[in-house]
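Student: Structure below; questions to follow.
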Amino acid sequence: MSPIITVSLAAFDVLWEELRLGSPPYPFQIPSYGETHEERSRIRAAVHADLEERGVTERGRVAQPIAAAMALVARPHIQLDTISTVDVQAAQSSMLRAAAAARGRDAVLMVQEGQMVRLEWTRDTALAASIVSLLPPTKAGPGQEVSLPAGLVGASGDGRPAMPQMAVTRRTAASVSKDQQKVLATMLEPAVLRLGQIGVGLYDERGRVRRLPGMSWFDNAAGRYYSVVARGRDGQDWATVCPGDGSRMVYRLGEMIRTAR
């Protein structure tokens, strides 16, 4: 990946507004700085002075490569995004928000962590890898793949994946074999250290989005697990929970995108 820019949330807010790109896309949370017109003007002036010195703006205008990258994030054809907590003990301070967006062969990775936002060029064929690479590396946990009706783990198949380790119920346990119950217990009972979800959105030329069933992931002391929802041959949505390291997650996400296209 090739770096484009790293800026504060306040600077990003000013640049985004000046490019007239509308509201920042999901999953980002970019606050609007300055409660009054005068305060907003002071912030804008300070941001421009800093960005002009860095070459981000030229005579008050956003440099073309940066403007192009931000416009791509605002209006992609396909987007993979994540909201992830990389340390559940640290809560908000460890929240990761990111999106890998592509339009044609052009692709950009945008990452929001803490008070900073960064943009990087990436490859349109590496959207899944760009997102998964942001997660803390770890091995796949022990266990094996288990599939069960999506409704039993709170997964609706609407593009917002449920967190399976939080949603398995007595009803779930009663609906699978004893061997599957043991496998699920191995994967889902230990304390969660990190967790998140990865979503997939396909956009038409009017900006309307079709969300695909995404992927949930979580880490415990034994390793990493993920779950996905897919339509079975019986017409029913099935949730699959399984161990998975980064390479398996990238492959599964790529498979989902290829099928949807």
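Any read-out appearing in this document is the output of simple, stated calculations on the displayed coordinates, not a laboratory observation. These numbers were taken from a predicted model, which means no experiment stands behind them. Backbone-built Cβ (ideal geometry, glycine too); neighbour counts: all protein chains shown.
Student: Report, in degrees rounded to the nearest 10, the 0 to 90 angle that the Cα long axis of helix 9-18 makes with the longest principal axis of the chain.
Tutor: Computed tilt is about 70 degrees.
Student: Please report the relative contact order for segment 2-132, taking Cα pairs under 8 Å with a sequence separation of at least 6, and give it as a percent rounded to a whole number.
Tutor: Relative contact order here is 27 percent.
Student: Using the alpha carbon gyration tensor of the chain, what are the three equivalent-ellipsoid semi-axes (square root of 5 times each eigenvalue), largest first, in whole Å?
Tutor: In descending order the semi-axes read 38, 19, 16 Å.
Student: Among 140-146, 10-16, how do they line up by average Cβ neighbours within 10 Å per residue, starting with the highest?
Tutor: 10-16, 140-146
Student: Moving on. If packing is taken as the average count of other Cβ atoms within 10 Å, what order do 74-80, 250-256 fall into, highest mean first?
Tutor: Descending mean neighbour count gives 74-80, 250-256.
Student: On a 0 to 90 degree scale, rounded to 10, what angle separates helix 37-54 from the longest Cα axis of the chain?
Tutor: 90
Student: Helix-only mean residue ellipticity at 222 nm, the chain, DSSP H runs n ≥ 4 weighted -39,500 (n - 2.57), per residue, nearest 500. What is it?
Tutor: So the helix-based figure for the chain works out to -9000 deg cm²/dmol.
Student: Residues with amide H under 5 Å of residue 78's amide H, sequence separation 5 or more or different chain, H placed in the peptide plane at 1.01 Å from N; which?
Tutor: 102, 203
Student: Compute the separation of the alpha-carbon centres of segment 204-249 and segment 66-130 and state it in Å as a whole number.
Tutor: 18
Student: Turning to a different aspect of this structure: Helix 64-74: angle to the longest alpha-carbon principal axis of the chain, degrees 0 to 90, nearest 10?
Tutor: 40
Student: Ordered by residue, what ³J(HN,Hα) values in Hz, to whole numbers, does segment 130-139 give under the Karplus form 6.51 cos²θ - 1.76 cosθ + 1.60, where θ = phi - 60° and Gly and Pro are x?
Tutor: Calculated HN-Hα couplings, in order: 4, 6, 5, 5, 6, 7, x, x, 7, 7 Hz.
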